[in-house]
């Protein structure tokens, strides 16, 4: 077989291959065997008819078609290997020449991985938040716990952030009422910033049975650029009363007998959560900086495939009804155009990250043990809420085990690279990334990659 490669772009090539008929003897033997099992010829059992009689019965065309279908996958793979191409996705294959008895020629247009240069991680410096520590951090967690057991009671003082109201809302634009911004008996926490922009500012300092008006802009696309007049009426005011942080509360809210024991447990929880957040911050910051230092073009068809995959997954929740999906986006104050733009950005980021980590894994050459792969499969199954054995069966049937292996490999490669970087926290203290991404942590990091 002769083959050549034409560079169509930085991320796409055209493979042209010519195969002489004498190299196709195995495929012809297999084609005759396959077709003879499908055709009945009087006087012969299936699979036993001479080739001349078989061709006389069905013609030469089906034989050639079977041969071509059988040989294309292996000859395509052979050409890819010969030219050491890093192909991505499925090729578009066309048979461009067929000279019976002489040769077959085909072309394959396929995306390839662009040239990617991995930066020197030892020269990467990042800053991450400092660990939460001290009595203030423990008090913060304790207050959250107390809020879960708090009760609401009526009051009639001036409203403050964190207090609760029941309100009636109405809005007009150009004198016309806005149905989407009109409601009665709505319960709202001041400071949550979950409703109309400007509402929190208007409510602070008001009292029960008072009314106020303010101007704002609404999020609905049809009101873009227009000023809305909003009227708010307070019908009830409440404040959260927290239980005392004492031994009695500790016994009610936890398995501990004393508030001191509860605070000790919360201190450990604060430390664990803070370290997890710092590790994630290091990973994200290092990867962001590495990608910024390694710009490369993205295969458009792979990005588009990712975009369409995300879209179809979402549309499946709406029975494939795009109009219903678009209506929901508008109700949320956004548009299909913005959704599509955000989806493309997300897809580009995902493709860029995976391509980069693939190259990094080739440089780092991390070894993946069977135990690490098994742990990652278990972790992934649990994240999907699936039985691990059933999950493994699905992976095996769909041929996805290799993808999970690659996930672990990418994660271990990134962990090794992160350990070469310099990290400081927001207070200027050195942070050793190896405490999170060293040999003992690689397994966990691989699962989270």
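The values are calculated or read from the model by the stated rules, or taken from the named source; none is laboratory data. Computed from a prediction, not measured in an experiment: that's the story for all the values here. Note: ideal-geometry Cβ built from the backbone for every residue, glycine included; neighbour counts use all protein chains shown.
At a glance:
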quantity: Meets criteria (exposed (fewer than 12 other Cβ atoms within 10 Å of the Cβ) and in contact with a strand residue (DSSP E or B) (Cβ under 9 Å, 6 or more places away or on another chain)) for residue 123; calculated: yes
quantity: Residue among 42, 62, 26 that is assigned to a loop (DSSP other than H, G, I, E, B), over 30 Å from residue 417 (Cβ atoms) and free of Cβ contacts under 8 Å to residues at least 40 places away in the same chain; calculated: 42
quantity: Qualifying residue in segment 83-95 (condition: in a helix (DSSP H, G or I) and surrounded by fewer than 12 Cβ atoms within 10 Å (Cβ to Cβ)); calculated: no
quantity: Residue in segment 270-277 that is more than 20 Å from the chain's Cα centre (by Cα), surrounded by fewer than 17 Cβ atoms within 10 Å (Cβ to Cβ) and not in a helix (DSSP H, G or I) present; calculated: no
quantity: All positions within segment 331-362 that are surrounded by fewer than 15 Cβ atoms within 10 Å (Cβ to Cβ) and not in a helix (DSSP H, G or I); calculated: 332, 333
quantity: Single condition residue 80 does not satisfy, out of (1) farther than 21 Å from residue 25 by Cβ; (2) touching a strand residue (DSSP E or B) at 6+ places or on another chain (Cβ under 9 Å); (3) modelled with pLDDT under 95; (4) assigned to a helix (DSSP H, G or I); calculated: (3)
quantity: From 298, 218, residue being under 32 Å from the mean Cα position of the chain (by Cα) and closer than 28 Å to residue 165 by Cα; calculated: 218
quantity: Residue pairs meeting the criteria (Cβ under 7 Å; at least 6 apart or on separate chains; first assigned to a helix (DSSP H, G or I), in segment 105-125; second surrounded by fewer than 17 Cβ atoms within 10 Å (Cβ to Cβ)); calculated: 121/420; 122/420
quantity: Unmet requirement for residue 35, which otherwise passes all of (1) assigned to a loop (DSSP other than H, G, I, E, B); (2) at pLDDT below 90; calculated: (1)
quantity: Residues of segment 403-442 classified as touching a strand residue (DSSP E or B) at 6+ places or on another chain (Cβ under 8 Å), surrounded by 14 or more Cβ atoms within 10 Å (Cβ to Cβ) and either part of a loop (DSSP other than H, G, I, E, B) or not assigned by TED's automatic domain parsing to the domain that holds residue 356 (or both), total; calculated: 2
quantity: Filtered residues of segment 387-410 (kept if touching a helix residue (DSSP H, G or I) at 6+ places or on another chain (Cβ under 8 Å) and either touching a residue at least 40 places away in the same chain (Cβ under 8 Å) or at positive phi (or both)); calculated: 406, 407, 408, 409, 410
quantity: Filter pass, residue 266 being within 20 Å of residue 147 (Cα to Cα), touching a helix residue (DSSP H, G or I) at 6+ places or on another chain (Cβ under 8 Å) and assigned to a helix (DSSP H, G or I); calculated: yes
quantity: Residue tally, condition surrounded by 11 or more Cβ atoms within 10 Å (Cβ to Cβ) and in a helix (DSSP H, G or I), over segment 391-402; calculated: 6
quantity: Selection count, segment 161-206, where residues are exposed (fewer than 13 other Cβ atoms within 10 Å of the Cβ), in contact (Cβ under 8 Å) with a residue 40 or more places away in the chain, touching a strand residue (DSSP E or B) at 6+ places or on another chain (Cβ under 8 Å) and in a loop (DSSP other than H, G, I, E, B); calculated: 1
